Amino acid sequence: FALFTKSKKIKMKELLQQYAAYNIWANKILFDRISKLSEEKIMQEIASSFPSIYKTLQHMWLAEEVWWKRLKLTENIVLDSAQFTGPFNEMTDILAKQSLLFKEWVDAATEHQLVHVFAFIRNKEQIKMPVYQMLHHVFNHASYHRGQLVTMLNQLGADKIPGTDFSTFCRGK
């Protein structure tokens, strides 16, 4: 598969490599900002999809972990993220390593691996999808929740919140 622009043909793998690198970059700069908050602020309940910055990050890790295990065809998935109660910095380190696994996988993937349709069970329903769609979902899902984290930081009165737009990443800022 390839996308076409007026001047350049962009291969799907190249785009997914950009998204994987962007996911790591955006998480890092946002997590670095969050780490300047007190543990109390990180755990503070805020009206959002998840009740705190901590729980939002835990969900982000859970999502990447479950999709990784599906990609690796793990049966009887057990999620370390679902039981985690450790400190914020340990959780973000684990999530960063999980995101790096996706990047390394994409970097090594063949086009056949990217278009391969895999199946998994969710809520007793068998679902099939190509790997490239799953990867796009994983990276898009993280962007969605980073937006929520920015809103939560604003609600907590944080300043100097970094921009995490894909276009900022592409410009090398």
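Assuming R0 = 35 Å, can you tell me the calculated FRET efficiency for the pair Glu104 and Lys36, based on Cβ-Cβ distance, to the nearest 0.05?
Once the sixth-power term is evaluated, E becomes 0.75.
Using a 1.4 Å probe on the protein chains only, how many percent of the accessible area of the chain belongs to carbon and sulfur? Spell out each step's value before the answer.
Numbers: 5370 of 10080 Å².
Taking all protein chains in place, the chain shows 53 percent carbon and sulfur surface.
Hey, can you find the accessible area per residue of region 35-158 for me, probe 1.4 Å, expressed in square angstrom?
On the way: 6910 Å² over 124 residues.
Value for region 35-158: 56 Å² per residue.
Run the dipole for region 1-111 about the Cα centre, Lys and Arg Cβ at +1, Asp and Glu Cβ at -1, nothing else charged, and hand back the magnitude in debye, nearest 20.
Numbers: 15 positive and 14 negative charges, 138 e Å.
Approximately 660 debye in magnitude.
What accessible surface, in Å², does a 1.4 Å probe find on Ser35, ignoring ligands, DNA and RNA and rounding to the nearest 10?
Using a 1.4 Å probe on the heavy atoms, I get roughly 50 Å².
For region 108-173, rounded, prolate or oblate, judged on the Cα gyration tensor with a ≥ b ≥ c (square roots of eigenvalues), a/c < 1.5 rounded, else prolate if a/b > b/c? Spell out each step's value before the answer.
On the way: a/c = 5.69, a/b = 1.75, b/c = 3.25.
Oblate.
With label points built 7 Å along Cα→Cβ from the Cα atoms of Ser52 and Asn76, find their separation and express it in nm.
Each label point lies 7 Å from its Cα, and together they span 3.3 nm.
Let me cross-check Ile29: its accessible surface, 1.4 Å probe, with only protein heavy atoms counted, in Å² to the nearest 10?
40
Amide H neighbours of Met129 under 5 Å, counting only residues 5+ apart in sequence or on other chains, H built in-plane at 1.01 Å?
Amide H neighbours of Met129: Phe118.
Out of Thr92, Thr110, Gln58, whose Cα points farthest toward the positive end of the dipole of the chain (charges: +1 Lys, Arg; -1 Asp, Glu; placed on Cβ)?
Projecting each Cα onto the dipole axis, the largest value belongs to Thr110.
How tilted is helix 12-34 with respect to the longest principal axis of the chain? Cα atoms for both, answer in degrees (0 to 90, nearest 10).
So the inclination is approximately 10 degrees.
Along each principal axis of its Cα atoms, how long is region 31-173 end to end? Whole angstroms, biggest number first, please.
If we take the Cα atoms of region 31-173, the spans are 46, 38, 23 Å.
Read phi for every residue in region 77-92 and hand back ³J(HN,Hα) as whole Hz from Karplus 6.51 cos²θ - 1.76 cosθ + 1.60, θ = phi - 60°, with x for Gly and Pro.
Couplings: 5, 10, 9, 4, 4, 5, 9, 5, 9, x, x, 3, 4, 5, 5, 5 Hz.
Students often get this wrong, so check it: of Lys41/Lys103; Lys36/Lys69; Lys13/Lys103; Lys72/Lys103; Lys28/Lys69, which have C-alpha atoms separated by over 20 Å?
Details: Lys41/Lys103 31 Å; Lys36/Lys69 32 Å; Lys13/Lys103 11 Å; Lys72/Lys103 14 Å; Lys28/Lys69 23 Å.
From Lys41/Lys103; Lys36/Lys69; Lys13/Lys103; Lys72/Lys103; Lys28/Lys69, over 20 Å: Lys41/Lys103; Lys36/Lys69; Lys28/Lys69.
Mind giving me the nanometre distance, one decimal, between the label points for Val117 and Asp159, set 7 Å out from Cα along Cα→Cβ?
Using points 7 Å along Cα→Cβ, the separation is 5.5 nm.
In what sequence, largest accessible area first, do Arg171, Arg122 appear using a 1.4 Å probe? Walk me through the numbers on the way to the answer.
Numbers: Arg171 145, Arg122 125 Å².
Ranking Arg171, Arg122 by accessible area, largest first, yields Arg171, Arg122.
Mind listing the phi-derived Karplus ³J(HN,Hα) values for region 148-163, rounded to whole Hz, using 6.51, -1.76 and 1.60 with θ = phi - 60°, and x for any glycine or proline?
Working through the residues one at a time gives 5, 4, 4, 4, 5, 4, 4, 5, 7, x, 5, 10, 6, 7, x, x Hz.
Roughly how many whole Å is it from the C-alpha centroid of region 20-71 to that of region 116-173?
Each part's Cα centre sits 10 Å from the other's.
Taking the 0 to 90 degree range and rounding to the nearest ten, how far is the long axis of helix 53-71 tilted relative to the main principal axis of the chain, both from C-alpha atoms?
Roughly 20 degrees, rounded to the nearest 10.
The values are calculated or read from the model by the stated rules, or taken from the named source; none is laboratory data. Source: prediction; values computed, not measured. FYI the Cβ positions are ideal-geometry reconstructions off the backbone, even for glycines, and counts take in every protein chain you see. The protein model used for the area step is the full one, side chains on, heavy atoms only, and it has no ligands, DNA or RNA in it. Shrake-Rupley method; radii C 1.70, N 1.55, O 1.52, S 1.80 Å.
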